[in-house]
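Step one of this worksheet: look at the structure below.
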Amino acid sequence: MTVPSYSLIIETANLSLADLDGLRETLDSLAVQTLPVQNACEVLLADSGDVPPDSLQQTLRTYPWVRPMGLPEGTGYEELKMAGANASSGELIVFADGDCLYERTWLEALLAPFSDQSVSIVGGETAINSAGPYGLAVAIASSFPARARSDNPYQSNRYHLNNVAFRRRVLQDVPIPSRQPCYRMSGLHAARLLARGYTILRQPSAGAVHAAPNGLTHFVWRFLLMGFDGVVVPRLIAKESRPADRSRVQRRRIFGLIRFWAAQAISKVAGELRSNPWRSLELPLALPVFASAVVLQVIGALAGLVAPQRFLDAVPDEILQGSTCERRPAPIGDPSHSAKAV
């Protein structure tokens, strides 16, 4: 396999909601990749103070191939990603999260399609850790699509920033947006990429596992914000259309997301039962959690339709910590220029 030079960017924005052990487990999973991460031009850990410096330095002594990159306090998730991309040197930019576990062949599978010069964006497939009734319910209700039954890459209209690779020129042409009135910006970015004529490939064999929300507060706000984004992001996308088309574009995208979510929920249940029929015994216990997640998404969507600013004002600071939601003040300086790898 001939792969262009690549850089790997990891961020710590989610670690305020997760255990530091999650970062160690992420790095452990990257350390044993079939395509060695040590072959990367650099592996940058973009941090804006989410992890205590002493703990971070102690952790990174075990992983000498990781270079910490300090950014101003308040730099958000998407800004950390772009700052890492701007500070790196590889032709390909690979994004991972500090709270995901990556399958041993993840990096090799993710980068393999780039041997074709016409390929510019490849996203892997991320799934929630579905262990137990709680994990099963969250996995079904989450926005991550069901794992494809074929290993062949396929075209998609979405990607997730915890599991994706870009050619550098793509991010220079269409940077990842930030400071928008939504929680996550990848949906808006994907729409801009497609509008510019880029193709997004999804690689089913590039698999990752994301932790389920940790605790009741995290669970409640994660699904409220998921429903909120389901309404607000289509509105932001529609604003970039011609005025006469905006209402139609917004309606089409909202109903498209609903259809996609419902179809994927069914596919995920079927997939879990195919892999382990005994999981049917957990479904009755998972159902109340799943129903709660759906109700929360509906409430978040209604808030996005009726009172988006009041909703954002009500979100606790600890939930938006690490987000680039425009409610938060911009950090001092421009993170795309102030990043320093040490």
*Restricting the search to region 286-325, which residues are surrounded by 15 or more Cβ atoms within 10 Å (Cβ to Cβ) and either at positive phi or not in a helix (DSSP H, G or I) (or both)?*
V315, Q321, G322, S323, T324, C325
_Return the pair list, or none, for Cβ contacts closer than 6 Å from residues in region 234-263 that are within 20 Å of V294 (Cβ to Cβ) to residues that are outside any helix (DSSP H, G or I) and polar (S, T, N, Q), at least 6 apart or on different chains._
none
*Among L44, L107, which is in a helix (DSSP H, G or I) and buried (at least 24 other Cβ atoms within 10 Å of the Cβ)?*
L107
*If we scan region 266-277, do we find a residue that is in contact with a Pro (Cβ under 9 Å, 6 or more places away or on another chain) and modelled with pLDDT of 90 or more?*
yes
*V164: in contact with a strand residue (DSSP E or B) (Cβ under 6 Å, 6 or more places away or on another chain), closer than 20 Å to I10 by Cα and not in a loop (DSSP other than H, G, I, E, B), yes or no?*
yes
*Give me the pairs: first residue in region 110-125 and touching a residue at least 60 places away in the same chain (Cβ under 8 Å) and within 20 Å of L161 (Cβ to Cβ), second residue in a helix (DSSP H, G or I) and small (G, A, S), beta-carbon distance under 8 Å, and six or more apart or on different chains, which are they?*
G124/A109
*asked:* Just to be sure I understand, how many residues within region 50-94 are out of contact with any strand residue (DSSP E or B) (no Cβ under 8 Å at 6 or more places or on another chain), part of a helix (DSSP H, G or I) and crowded, with 20+ Cβ neighbours inside 10 Å?
replied: 3
_Unique match (being under 21 Å from T199 (Cβ atoms), β-branched (V, I, T) and free of Cβ contacts under 8 Å to residues at least 40 places away in the same chain) among V174, V94_ = V174
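The values are calculated or read from the model by the stated rules, or taken from the named source; none is laboratory data. Keep in mind it's a predicted model, so treat the numbers as computed, not measured. Glycine gets a Cβ as well: all are built from the backbone with ideal geometry, and neighbour counts include every protein chain shown.
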